[in-house]
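First comes the structure, then the notes that go with it.
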């Protein structure tokens, strides 16, 4: 979507990007410096007019973890195909098909392990400490 065409479709706007655009979408705390982009998040928000609208949805990929949540008024959806073994390992055996829009409106949020987890547990996206269950396998340099 560019400036010239931004007003063409007012009712429904979905954007897409291969990589995760909002740092808060990636659950591995130590990777916060690697994933997400303030510039890209600002671009998504400019397309969806700030806090978004009822039709604001951004579909992203490359995290390999299922995600369906609304953050600051914009829906963020990641429905990775992955390999069947990866889907089982990450709690997503029933990910396919993943409907996000039907009958002229967005469907209810789908159950997704990590977005559901963070819906009830606070996040600390700037915390880059290893999780205790991971840190025990490493020693400081």
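Worth a mention:
- Residues (surrounded by 11 or more Cβ atoms within 10 Å (Cβ to Cβ) and outside any helix (DSSP H, G or I)) located in segment 106-123: 106, 107, 109, 110, 111, 112, 123
- Hits in segment 124-141 - residues which are modelled with pLDDT of 85 or more and part of a loop (DSSP other than H, G, I, E, B): 136, 137, 138
Residues are listed down the side, and each one gets a yes or a no for (1) more than 18 Å from residue 44 (Cα to Cα); (2) touching a residue at least 24 places away in the same chain (Cβ under 8 Å):
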{"position": "67", "(1), (2)": "no, yes"}
{"position": "70", "(1), (2)": "no, yes"}
{"position": "103", "(1), (2)": "yes, no"}
{"position": "119", "(1), (2)": "yes, yes"}
{"position": "122", "(1), (2)": "yes, no"}
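- Filter result for residue 63 (in a loop (DSSP other than H, G, I, E, B), under 21 Å from residue 44 (Cα atoms), touching a helix residue (DSSP H, G or I) at 6+ places or on another chain (Cβ under 8 Å) and at pLDDT below 85): yes
- Scoring residue 40 on the criteria (1) over 25 Å from residue 133 (Cβ atoms); (2) in contact with a strand residue (DSSP E or B) (Cβ under 9 Å, 6 or more places away or on another chain); (3) outside any loop (DSSP other than H, G, I, E, B); (4) modelled with pLDDT under 75 leaves a single failure, condition (4).
- Looking only at residues of segment 84-99 that are surrounded by fewer than 17 Cβ atoms within 10 Å (Cβ to Cβ) and out of contact with any helix residue (DSSP H, G or I) (no Cβ under 9 Å at 6 or more places or on another chain), we find that the one that is modelled with the lowest pLDDT is 97.
The values are calculated or read from the model by the stated rules, or taken from the named source; none is laboratory data. If you're wondering where the values come from, they're calculated on a predicted model, not measured in any experiment. Glycine also receives a Cβ, built like all others from the backbone with ideal geometry; neighbour counts cover every protein chain displayed.
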